[in-house]
1. How large is the accessible surface of residue 266 in square angstrom, using a 1.4 angstrom probe and rounding to the nearest 10?
2. How much accessible surface area, in Å² rounded to 10, belongs to the heavy atoms of residue 270 with a 1.4 Å probe?
3. Once phi is turned into θ = phi - 60°, what whole-Hz ³J(HN,Hα) does the Karplus curve with 6.51, -1.76 and 1.60 give for every residue of the range 116-121, x standing for Gly and Pro?
4. So what is the relative contact order of the chain, in percent, for Cα pairs below 8 Å that sit 6 or more residues apart?
5. Place the peptides 207-213, 411-417 in order of packing, highest mean first, counting for every residue the other Cβ atoms within 10 Å and averaging per peptide.
6. Mind sorting out which of (i) 23.4, 92; (ii) 21.6, 73; (iii) 23.5, 72 is the real Rg and Dmax of the Cα atoms in Å computed from the coordinates?
7. Between residue 274 and residue 9, what is the spin-label point distance in nm, taking each point 7 Å from the Cα along the Cα→C-beta axis?
8. Placing +1 on the Cβ of each Lys and Arg and -1 on the Cβ of each Asp and Glu in the chain, which of 381, 41, 428 has its Cα farthest towards the positive end of the resulting dipole?
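The values are calculated or read from the model by the stated rules, or taken from the named source; none is laboratory data. Since the model is a prediction, treat every value here as computed from it, not as a measurement. Note that each Cβ is placed from the backbone with ideal geometry, even for glycine, and that neighbours are counted across all protein chains shown. For accessibility, only protein heavy atoms count, side chains too; no ligands or nucleic acids. Shrake-Rupley method; radii C 1.70, N 1.55, O 1.52, S 1.80 Å.
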Amino acid sequence: MSRLFSDREGDDGLPSADRRLAVVALTLSTLMSVIDVTMINIALPTMARDLGITDARAVWITNVFQIVCAAMLLVCAAASELLSRRKVYVFGIAIFTLAAMGSALAPNFETLLVCRALQGLGAAATLSIGPSLYRSIFPSRLLGSALGLSALIVAIGYAVGPSIGGVILSVADWPWLFVLYLPLGIISLIMSWRALPSEPRREGSFDALGALASIAMLSGVFMAMEAIGQRAPGLEILGWLALTLISGTAFVVRQQRAAYPLLPLSLFREPRFSLAVGTQGASFIGQGLAVVALSFFYQQEMGFSALHTAWLFTPWPLTIMLIGPVSGRLADRFNPSLVASAGLALLMMGLFSLAMLPNDAGVLDSMWRTALCGLGFGLFQPPNNRELMSSVPKERSASASGVMSTTRTVGQSLGVAIVGLCLAAGAGVQLALWVGALTTALALLISLTRIRRAGEAQQVQRAARKAGASSETP
């Protein structure tokens with residue numbers, strides 16, 4: 001860990017002392033956004049009872065948060081280029097914290113949904129530009145390690161969220177889940193304003209038409225996936241897909257014509273960036289699919305309780321917590337695409353082994369398979385994120401970060417929808433796990449094609465850093 005806060009001659013990024021404060025600020029805000037979904041999911045039955053609503057309506061307490069967050073990721077990333085990332089990030093923390101207090105004080109279900117939508121907006125503002133801030137805070141030589149730290153923080157959030165929710169609900173009512181965010185939000189807000197790097201605003205206008213098309217496109221994607229997962233009527237699904245197609249076409253046309261596009265499509269002309277995005281999308285389909293499918297499989301096929309199911313998932317985030325920082329360091333020293341490909345191979349094997357898991361399997365037989373998935377995913381994510389972020393100019397970091405967050409969200413949603421399709425067709429969740437393994441195999445094939453390009457780029461970057469250090473030496 002001390003290596004992340006060391007200084008070398010010729011380093012870019014922030015000095016080590018400022019770097020520590022910035023990392024604490026990013027850690028707190030990331031944990032708030034990640035913990036939210038897993039912690040609130042635990043409380044949905046209690047919230048439904050207290051608010052006098054059905055379980056189906058209670059699900060929208062989570063859904064509205066996710067939909068708004070997904071729809072606003074690209075918009076917030078583009079706004080950060082115009083207003084500065086620090087201002088947008090601080091705005092995100094402030095609106096998330098205030099909306100959390102509104103959720104705690106909400107007198108009825110409708111007010112709670114409005115506050116949850118505002119929390120989704122706040123989460124989008126922080127999650128969309130978080131990875132790009134790591135690139136500004138840390139020296140280029142430590143980017144992989146920094147993103148490994150980010151993966152560790154996310155894994156901790158996913159691992160502890162259900163436990164925190166369960167502990168709070170055992171001693172207090174559900175509004176206290178939201179009160180928890182108040183001290184965290186205030187500390188993160190102050191530290192973010194003081195520690196995050198200042199930067200000049202971009203000149204030019206904001207692509208409002210592109211933003212509207214982006215919101216419609218991503219909302220349509222998410223609602224279509226939700227409709228598929230809930231086995232909605234075919235016409236409803238087709239309606240959301242039509243909205244996605246029409247608004248997506250309008251978005252692409254607008255980006256080609258706008259003077260200051262919301263998302264510069266020129267980013268995708270860089271093969272390393274496009275391949276990293278494609279690899280990430282396919283891998284997150286498998287990851288999102290597996291998490292939901294295994295929940296059904298453990299409880300319906302193997303007969304475990306909800307609490308036991310949560311424990312059976314534990315090896316996945318725990319192994320990510322262990323391997324994530326190591327993977328980041330490997331990505332700084334070796335070809336990041338090679339390291340990421342090795343991780344995808346392990347994830348693929350883990351998913352194939354879960355797809356073959358018999359109904360009468362024991363706890364240990366299941367846990368080593370989920371641990372293998374976590375090991376593979378933890379080894380894959382930081383190097384792939386490093387490759388994605390380092391393949392574009394620094395001035396495009398916010399846009400690249402927005403694409404990264406959006407791809408992750410859409411991929412996970414598509415994975416959930418695939419589980420819904422398999423259940424609706426009566427095919428069982430094991431078929432969904434086979435599909436997840438195959439999509440991970442596709443991600444591996446995409447990743448293998450970029451190994452040479454990534455290696456060459458890494459050599460060029462190292463040579464440039466050495467040349468820069470030499471020129472500054474008297």
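1. 60 Å²
2. About 60 Å², rounded to the nearest 10.
3. 5, 5, 5, 4, x, 4
4. 22 percent
5. 411-417, 207-213
6. Derived directly from the coordinates: (ii).
7. Label-label distance for residue 274 and residue 9, simple model: 4.2 nm.
8. 381
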